[in-house]
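Okay, so here's the structure we're looking at.
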Amino acid sequence: MLANPSFHGRPLQFVPTVVCRNELWRSYPAFPLQLHNRRSYHFLASSTLEIRRNGRRKRRSISRNSTQFSVRASEDASVLAADSAGVQGSPFSVRIPVGDRHITVETGLIGRQASGAVTIRDGETIIYTTVCLSDVPSEPGDFFPLSVHYQERFSAAGRTSGGFFKREGRTKDHEVLICRLIDRPLRPTMAKGFYYETQVLSWVLSYDGLHPPDALAVTAAGIAMALSEVPNSEVVAGVRIGLIGDKFVVNPTIQEMENSKLDLLLAGTKNATLMIEGYCDFIPEDKLLEAVQVGQDAVRGICKEVEGLVQKCGKPKMFDAIRLPPKELYKLVEEIAGSELVEVLQIKNKIPRRKALSSLEDHVISILSEKGYISTMGALGSTEMMPDLLEEDEDEEVVVDGEVDEGDVHIKPIARKTVPLLFSEVDVKLVFKEVTSNFLRKRIVEKGKRSDGRSPQEIRSIDARCGLLPRAHGSALFTRGETQSLAVVTLGDKQMAQKIDNLVDEDEYKRFYLQYSFPPSCVGEVGRVGAPSRREIGHGMLAERALEPILPPDDDFPYTVRVESTITESNGSSSMASVCGGCLALQDAGVPVKCSIAGIAMGMVLDTKEFGGDGTPLILSDILGSEDASGDMDFKVAGNDVGITAFQMDIKVGGITLPIMKQALLQAKDGRKHILAEMSKCSPSPSRKLSKYAPLIHVMRVKPEKINLIIGAGGKKVKSIIEETGVEAIDTQDDGVVKITAKDLSSLEKSKAIISNLTMVPTVGDIYRNCEIKSIAPYGAFVEIAPGREGLCHISELSANWLAKAEDAFKVGDRLDVKLIEINDKGQLRLSRRALLPDAETEKQSTKPRSASLPNDKVVSPKTPDKGKPKKAVAVSKDGG
């Protein structure tokens, strides 16, 4: 009986058991057996009849777990022994050629208790990455429980974090973006039905300021995942591609990227591309495809090298831990909800369609997990019909075959009864979602119509208007179907710039940034409101980099520009709506953009043959949220009708090829042209001039050595100018650039005049009118010829007549005309009033020149005043303007 796979005429079920962390975990019997690399199994009888005689009374006990037989092959035991021994294995490293240099991958030295751990080195930049998974599985869900954390340690560059605690704090925005770069290509390779929580941790341990760590971190995570027990399908690697001149460069250095027209980060497997993200300066589609080809070739080379490392050092994959819903459940869901699903998916508006789907889902769950369901489909047969085990009279004894004694009575079989099927609620939800997705894809492929009635290439209706917010510097409301973005532009000076923390000890500021907000109300839901999520940070950066190429240079437009995009409605492609709305808002704020740009999101149904098509991938333009969730691709492209400025592609299947990507890019170009034409019809149209509420910024250029005259000792002079004139800020740079920010024109003109006079270069012979005496000394008077600029008018130059003391003829506050007669080596000015008097010439001939010395080394060499004609006259008003 033990060796017989059939017991009492009923088949026994083999239920896989997974050895994980020295524990045996048995999957639910309802799930089918996954024949992948089994380590051990339990041989389980489906039901057992326990016979106990007590007179004529019998007791029946049915237990699914009452009989267990552990069957373990000797080779499986050796695999486990090798697995445990590998934890303490010796280090192993491999050098992989990438571009014009090599990267070094090492495992087995650091992090040996992690499921997978690697260090990867490029130059003197070193990344350490680990992969770990929980001991027990999480509840089944439609989202793989993967979390990624990336951190740049300040110690990697020989620095210490600022602040009181002197350690790294919350994840910075650029670290969040790299976390997303790591996460997105890994998910498509994960086995469906694997529910162990998996965590990827990545640290920058050393940074040389030359080799960027982001692409390296993607590759490190892919290698660590391949070495771990997580049952992913293929090795993932990532590279950066730059375009320097006409040459594509793989993994360019920081200095090389400064001259690159393209910043493309690509991740994939040896066979296909899984993710691309990048920014460029209006690169045409064919050039982008060439860059993708170069990147895919580089990724293929890395993956092939890593496969050898995985064969030598990798751990056995936990394929036995995969739990899938029973196959018969798919047919049952289609039988119960199929006809209603077809009708629900034809509802055009998102909210009614969502509510109808939710109601239908609750109905299906109620039937299959609470009430039970008896199928009417004959095809299901006995596999779906669980018959009652055996029926017997109360006064009859149950006897098991082979244990018949004389006097025992056999059971008299009667007709079997069908029992309603019951399934777990989680399984029903998973299957319902997948069946809904298949119905949606089938409708698009078979009928060429989407949920809102559009064809695959059709764009939703567009409405755009500007100037909605009168006090904002610029505003626009962009609506495309049921997706809507309210974009607001704020202009400011350098103080409004966003400071960036980086590993290099240099201050970095962004003069343009876009902040994306996705409140729960935009989808008609209640949810968390607080700090921006990783998705919001990622979408905001994509829209920001898409708009950046159209901004004017700082010399032409010295403003810091902030764009705030609030999604007020969402049904797909909200980040691209932010691009369109942000472009219109910039124009409404008076920013002299180079051109208009638009963004569009593309989708795809890859295997059309499964749904009645000819097998050719079907590309969808301007996808809805449901098409994003049910489709195989999310490809966002921004730019104009000439080229591309930003792009982001995520693949949800095994990857796509270049011909498919080319088709998507060309279709996206047609879509952008249509959107740009609709944006040009914006009403009200953008004002294209500065708002009266925007600050005024005037840029001046002075000699760099004059900057200190503006700042003054301890910044006193610049503060006094701000207080005196009422301007908001005065920003000075070491190269002699001075930026004055003011709310009104009058205060701006006042501060401009003061700074001009402070930094002017006086010339001997210049005449200054109506100048004020600031102080009087025994040897003369100090006269202010311009705000902040004083010179000495010696007592001998104050009058045509001899004076014993300057106080005898003048007092502080008096005004007089003076002429500049000398500038000494220290830049000190000597003035003369006597040179402008009518009798100055005759007086000079009869009077000997007199000299005096200034205290504190302020010495003016006595010289005969210039007798020539004045070169120019500079008038100084009383208010310093």
task: Please indicate, with yes or no, whether at least one residue in the range 742-761 is in a helix (DSSP H, G or I), farther than 22 Å from Pro592 by Cα, without any contact (Cβ under 8 Å) to a residue 24 or more places away in the chain and open to solvent by 60 Å² or more (accessible area, probe 1.4 Å).
output: yes
- line: Being buried (at least 20 other Cβ atoms within 10 Å of the Cβ), of a type in the set (Val, Ile, Thr), assigned by the TED database to the domain that holds Gly481 and farther than 24 Å from Pro684 by Cα narrows Ile500, Ile537, Ile597 down to just Ile537
- prompt: What number of residues within the range 112-133 satisfy the criterion of being open to solvent by 30 Å² or more (accessible area, probe 1.4 Å) and either basic (Lys, Arg) or assigned to a loop (DSSP other than H, G, I, E, B) (or both)?
  reply: 5
Every residue from the range 637-653 that is in contact with a strand residue (DSSP E or B) (Cβ under 8 Å, 6 or more places away or on another chain) and not hydrophobic (A, V, I, L, M, F, W, C): Gly639, Asn640, Gly643, Thr645, Gln648, Asp650, Lys652
- line: By residue number, the members of the range 598-611 that are under 20 Å from the mean Cα position of the chain (by Cα) and among the β-branched types (Val, Ile, Thr) are Ile600
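Of everything in the range 631-650 that's among the β-branched types (Val, Ile, Thr) and more than 17 Å from the chain's Cα centre (by Cα), which residue is surrounded by the most Cβ atoms within 10 Å (Cβ to Cβ)? Spell out how you get there, then give the answer.
Keep residues of the range 631-650 that are among the β-branched types (Val, Ile, Thr), which gives 637, 642, 644-645.
The next check asks that each one be more than 17 Å from the chain's Cα centre (by Cα); those that pass are 642, 644.
Working: Val642: 11, Ile644: 27.
The qualifying residue surrounded by the most Cβ atoms within 10 Å (Cβ to Cβ) is Ile644.
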query: Name the residues in the range 291-307 that are open to solvent by less than 10 Å² (accessible area, probe 1.4 Å) and of a type in the set (Gly, Ala, Ser), would you?
result: Ala291, Gly295
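Going through the range 330-364 one residue at a time, which ones are part of a loop (DSSP other than H, G, I, E, B) and open to solvent by 60 Å² or more (accessible area, probe 1.4 Å)? Give the steps one after another, and end with the answer.
Within the range 330-364, the subset part of a loop (DSSP other than H, G, I, E, B) is 345-349.
Answer for the range 330-364, where residues must be part of a loop (DSSP other than H, G, I, E, B) and open to solvent by 60 Å² or more (accessible area, probe 1.4 Å): Gln346, Lys348, Asn349.
Conditions (1) touching a Leu at 6+ places or on another chain (Cβ under 7 Å); (2) in a loop (DSSP other than H, G, I, E, B); (3) not assigned by the TED database to the domain that holds Leu606, marked per residue:
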| position | (1), (2), (3) |
| --- | --- |
| Gln199 | no, no, yes |
| Pro212 | no, yes, yes |
| Thr219 | no, no, yes |
| Met225 | yes, no, yes |
| Arg240 | yes, no, yes |
| Ser260 | yes, yes, yes |
| Lys270 | no, yes, yes |
| Glu277 | yes, no, yes |
message: Any residue in the range 551-571 that is aromatic (Phe, Trp, Tyr) sitting within a Cβ distance under 7 Å of a residue that is open to solvent by 20 Å² or more (accessible area, probe 1.4 Å) and in a strand (DSSP E or B)? List the pairs, counting only those 6 or more apart or interchain.
response: Tyr559/Ile697
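I'm trying to understand the selection: among the residues of the range 477-533, which are part of a strand (DSSP E or B) and among the β-branched types (Val, Ile, Thr)? Reasoning before the result, please.
Narrowing the range 477-533 to residues part of a strand (DSSP E or B): 477-480, 483-492, 498-500, 508-510, 512-517.
Matches in the range 477-533: Thr479, Thr483, Val488, Val489, Thr490, Ile500.
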- request: Working only within the range 461-489, note down all residues that are within 22 Å of the chain's Cα centre (by Cα) and open to solvent by 10 Å² or more (accessible area, probe 1.4 Å).
  value: Gln484, Leu486, Val488
- prompt: Which one of these does Val310 not meet: (1) open to solvent by less than 50 Å² (accessible area, probe 1.4 Å); (2) modelled with pLDDT of 90 or more; (3) not assigned by the TED database to the domain that holds Val118?
  reply: (3)
Top-ranked residue of the range 145-169 - restricted to ones that are open to solvent by 50 Å² or more (accessible area, probe 1.4 Å) and outside any loop (DSSP other than H, G, I, E, B), ranked as farthest from Glu124 (Cα to Cα): His149
field: Within the range 588-621, tally of residues that are of a type in the set (Ser, Thr, Tyr) and in contact with a strand residue (DSSP E or B) (Cβ under 7 Å, 6 or more places away or on another chain)
entry: 2
query: In the set Ile619, Ile697, Ile660, which member is over 22 Å from the mean Cα position of the chain (by Cα) and open to solvent by less than 10 Å² (accessible area, probe 1.4 Å)?
result: Ile619
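How many residues, within the range 148-176, are small (Gly, Ala, Ser) and in contact with a helix residue (DSSP H, G or I) (Cβ under 8 Å, 6 or more places away or on another chain)?
Taking the range 148-176 first, the residues small (Gly, Ala, Ser) are 155-158, 161-163, 169.
Now restrict to residues that are in contact with a helix residue (DSSP H, G or I) (Cβ under 8 Å, 6 or more places away or on another chain): 161.
Residues meeting the conditions: 1.
Would it be correct to say that Ala224 is buried (at least 24 other Cβ atoms within 10 Å of the Cβ), in contact (Cβ under 8 Å) with a residue 24 or more places away in the chain and in contact with a strand residue (DSSP E or B) (Cβ under 8 Å, 6 or more places away or on another chain)? Quick ask: steps written out before the conclusion?
On the way: buried (at least 24 other Cβ atoms within 10 Å of the Cβ): yes; in contact (Cβ under 8 Å) with a residue 24 or more places away in the chain: yes; in contact with a strand residue (DSSP E or B) (Cβ under 8 Å, 6 or more places away or on another chain): yes.
Criteria met by Ala224.
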- line: Apart from one, (1) more than 30 Å from Ala215 (Cα to Cα); (2) open to solvent by less than 60 Å² (accessible area, probe 1.4 Å) all hold for Leu288; the odd one out is (1)
task: Considering every residue within the range 561-580, establish whether at least one is touching a His at 6+ places or on another chain (Cβ under 9 Å) and open to solvent by 10 Å² or more (accessible area, probe 1.4 Å).
output: no
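Which of the following residues is more than 26 Å from the chain's Cα centre (by Cα), more than 12 Å from Gly238 (Cα to Cα) and basic (Lys, Arg): Lys304, Lys261?
Values: Lys261 fails: more than 26 Å from the chain's Cα centre (by Cα).
Among Lys304, Lys261, only Lys304 is more than 26 Å from the chain's Cα centre (by Cα), more than 12 Å from Gly238 (Cα to Cα) and basic (Lys, Arg).
The values are calculated or read from the model by the stated rules, or taken from the named source; none is laboratory data. On a predicted model such as this, the values are computed, not experimentally measured, just so you know. Cβ atoms come from the backbone with ideal geometry, glycine included; neighbour counts cover every protein chain shown. Just so you know, the surface numbers come from the protein's heavy atoms only, side chains and all, with ligands and any DNA or RNA stripped out. Shrake-Rupley method; radii C 1.70, N 1.55, O 1.52, S 1.80 Å.
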